[in-house]
Amino acid sequence: MSSRTAPTREQLARWQKRDCARCGRHAFVAAWWPDGQVCRSCCDRALRIRGRCPGCGVDRALPGIRSVGERQSVCADCAGFTVSYHCARCGHEGKLHAARLCSRCTFSDHLTKLLDDGTGQIRPALVPLVEHLLAMDKPLSGLTWLYPRKGQDRAPSDLLRELGRGDIELTHEAFHALQPWRAAAHLQELLMACGVLPAVDKQICSMERWLITHFAAIPNPEHAQLVRRFVTWEVMPRLRTRAERKPLTPAIRRHASDQVKQATLFLEWLDDRGLTLSTCGQAAIDTWYVEHNHHARTGLRPFLLWCISGKLTSRFRLPSAVIRPATPLPQHDRIALLGRLLTDDDQPLRSRAAAVIVLLYAQPLTRVVRLTVDDVIQDGDQILLRLGQPPSPVPGPAADILLRWIDQRTNMNTATNRNSRWLFPGRRAGQPIHPETLGAQVKALGVPTVPARVGAIHQHVLDMPAPVVADALGYHHVTTTKIATQVTATWNRYVAARSPSGWTPPTRDS
C-alpha cells in the first residue's frame, strides 16, 4: 500500500472501539490526541472551547489540556497536536467536516447547492435568506437543521431545494399546504425575518395552515361551505383586526379554532337529528346546551350569534355567558414562593425570572413572553420594569435575577433570534418563547401561574387605588375596578387603612 493511500493513525483508530481517554466511554474514537484516544463527542466538545491560551496567550480554540492533573485547556500547538484543525478555506479553527472545511463553510456549500436556481447560482430572491442563515453564531445548528427527522419523509433540505428551483412560490399561501408543517412554518418565519416574505402575525399563519386540513376533513360539502363562510366573514376578520393592535397569543388562536370546531360539530349534531339551520328552533338549542359542557357552549356561541345576524336561523334565546373567576393564591403562599425563588440558585434562571414577574406584578405569561430587554430599565442604582406607565420598581433580589438572565439568555446562537431583543427568546425566527413552554417551566418550580397572578392583582388593588394599579401594570381600568369591588377594596377602606392613628376624615362643616 502506497503512502498516498495508506490510512492515517486516526483513520485506523476509528475502525475499532476503544476507551475514550477523557470520558472513559467505550466507543469508536475520533482522534488520537496527546492525552490518548478520544471519542467523537469529547473531540467535538473540546473544539468548541475557545479563549486565550494560558500557554502562548493567543485567542483561539483550546481543544487540548496542559496536563491530566491540572485539566487546563490549551491550544493545539501547546498541547502537542500533530493534526491541524484550521479550515482549508477560511482558516477558522474548530470542528472540520468533509474536505477539511469548518461548519460555516460546509453550511454555505450546502445552501448554495440546495438553493441553486439551475444556473449554478443561488436564486436571487433567496440571497437574504442565505445571508441570514450564515450569520448565526453556531452554524453547526444550521447543518443539523437540514438533515431529515426520524419518521418524516421530507427534510428541510427538500423544501429549500424546491424553493431554489421555484417549485414553491414565495407567498404565505404556498407555505400553508407544505409538509412537514413544522419545518415549513419554521422556514416561513425565517423568510419573514430576513424580509423575503412580508411580515404576518405568527398565529394568523398557524390558523390559516390549520384551516386547510380542517376544511378537507369535513365530509359534508354543505357543512364545509357554511363553516368556510363563518371563518371568512367572522373569525378571520376579527383575528386580523386584533392582530393589527397587538400580536395574537396562542390562547386567542386556540379559542378561534375552537369556535370553528364547535360550529362543525354543531352542524353534524343537527344532521344526525334530521335538522338544518333553517329548521333549528329554540327546543333544539336548549337540547344541545343540556348535552354539552361549558367549553363547547362558549365555543359555539359566536357561530350561533353569526347565524342569527345573517338570518340563517330563526331568532332564539341563548343562555347568558358564564365567567368563572379563578381562585387566588393566598398572600402568605405567594410570599413564601417569592422567597424561595429569590434565594434558590439551583433552579433554572429563565423560569425563576418569569415566575418572579408573575408573582410580583400579576402578569399573564402571554404578556411576560412579549417583554423585551428594553423593558428592563436601569435608572441609576434602581431597576425598573416597563409594564405600563410609569414603569414599576424592581426589588433588589428580583432585579439581580433579571439582570443575570439578560446576560445569560438562551436561544441566541442560531439564525432564528441572533439579534433578538426578547427578554425570553424562542426557537422560532423573530418569536419569543411559547407561553405554554414557559408556563410548564414555571409550574415545574411549584408556581401555579393563574392563581399566583390573580392573588397578586388582588393584593395590589388592596394596597393601591385601582386606576393606579391599572396604569402601572398594563391592566384596563374597568378590570382593576371590578377586581377591587370583588375584594371589597372600596375607596373608604383604602383611606382608612392608611390613615394616621386618631385621624378622622373631614366633614362638610369643617
Taking the Cα centre as origin and putting +1 on Lys and Arg beta-carbons and -1 on Asp and Glu beta-carbons, what dipole magnitude results for the chain, to the nearest 20 debye?
600 debye
Read-out Cα Rg over 2.2 N^0.38 Å, derived from the coordinates shown; its label in (i) 1.09; (ii) 1.18; (iii) 1.28:
(iii)
Ranked by accessible surface with a 1.4 Å probe, highest first, in what order do ILE212, ILE252, ILE323, ILE204 come?
ILE323, ILE212, ILE252, ILE204
Restricting to DSSP H runs of at least four residues, report the calculated mean residue ellipticity at 222 nm for the chain, -39500 (n - 2.57) per run over all residues, nearest 500 deg cm²/dmol.
-14500 deg cm²/dmol
Hey, what do the phi angles of the range 427-442 turn into as Karplus ³J(HN,Hα) couplings, whole Hz, using 6.51/-1.76/1.60 and θ = phi - 60°, x for Gly and Pro?
9, 10, 4, x, 10, x, 5, 5, x, 5, 5, 5, x, 5, 5, 5
Folded to 0 to 90 degrees: helix 282-291 orientation relative to the chain principal axis, Cα
50 degrees
Taking amide H atoms as placed 1.01 Å from N in the peptide plane, list the residues 5 or more away in sequence, or in a different chain, whose amide H sits under 5 Å from that of LEU115.
none
Lys/Arg Cβ at +1, Asp/Glu Cβ at -1, dipole of the chain taken about the Cα centre: which of ALA217, VAL356, SER73 is farthest positive-ward?
SER73
Accessible area (Å², per residue) of the chain, counting only protein heavy atoms and a probe of 1.4 Å
54 Å²
List the lysines whose alpha-carbon lies under 24 Å from that of LYS202, not counting same-chain residues fewer than 8 positions away?
LYS246, LYS261
In whole angstrom, note down how far apart the Cα centers of the range 314-365 and the range 372-435 are.
19 Å
Measure off, as a whole percent, the carbon and sulfur share of the 1.4 Å-probe accessible area of the range 225-364, all protein chains present.
54 percent
Using only Cα atoms and rounding to the nearest 10 degrees, what angle (0 to 90) does helix 236-245 make with the longest principal axis of the chain?
80 degrees
More than 24 angstrom apart: percent of Cα pairs within the range 57-216
47 percent
Simple label model, 7 Å out from Cα along Cβ direction - CYS56 to ARG421, nm:
4.2 nm
Amide H contacts of ILE168 (H built 1.01 Å from N, under 5 Å, at least 5 apart or other chain)
LEU163
Counting Lys and Arg as +1 and Asp and Glu as -1 over every other residue whose Cβ sits under 10 Å from the Cβ of ILE218, the net charge comes to -1
Return one number: the angle in degrees, 0 to 90 and rounded to the nearest 10, between the long axis of the Cα atoms of helix 294-309 and the longest principal axis of the Cα atoms of the chain.
70 degrees
Could you rank the peptides 188-197, 279-288, 108-117 by their average count of other C-beta atoms within 10 Å per residue, with the highest value first?
188-197, 108-117, 279-288
Karplus-derived 3J(HN,Hα), 6.51/-1.76/1.60, for each residue of the range 391-407, Hz, glycine and proline x
x, 8, x, 10, x, x, x, 5, 4, 4, 5, 5, 5, 5, 5, 4, 6
Interchain or long-range residues, amide H under 5 Å from GLU93's placed H:
CYS87
HN-Hα couplings for the range 95-110 via Karplus (6.51, -1.76, 1.60; θ = phi - 60°), in whole Hz with x for Gly/Pro, come out as 5, 10, 10, 4, 6, 6, 9, 6, 4, 5, 5, 5, 4, 4, 5, 4
Order of exposure, largest accessible area first, which applies to LEU126, LEU349 with probe 1.4 Å:
LEU349, LEU126
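The values are calculated or read from the model by the stated rules, or taken from the named source; none is laboratory data. Quantities reported herein were computed from a predicted structural model and do not represent experimental measurements. Positions of Cβ are backbone-derived with ideal geometry, glycine not excepted, and every protein chain shown enters the neighbour counts. When the accessible area is computed, the model is the full protein with side chains, heavy atoms only, and any ligands, DNA or RNA have been set aside. Shrake-Rupley method; radii C 1.70, N 1.55, O 1.52, S 1.80 Å.
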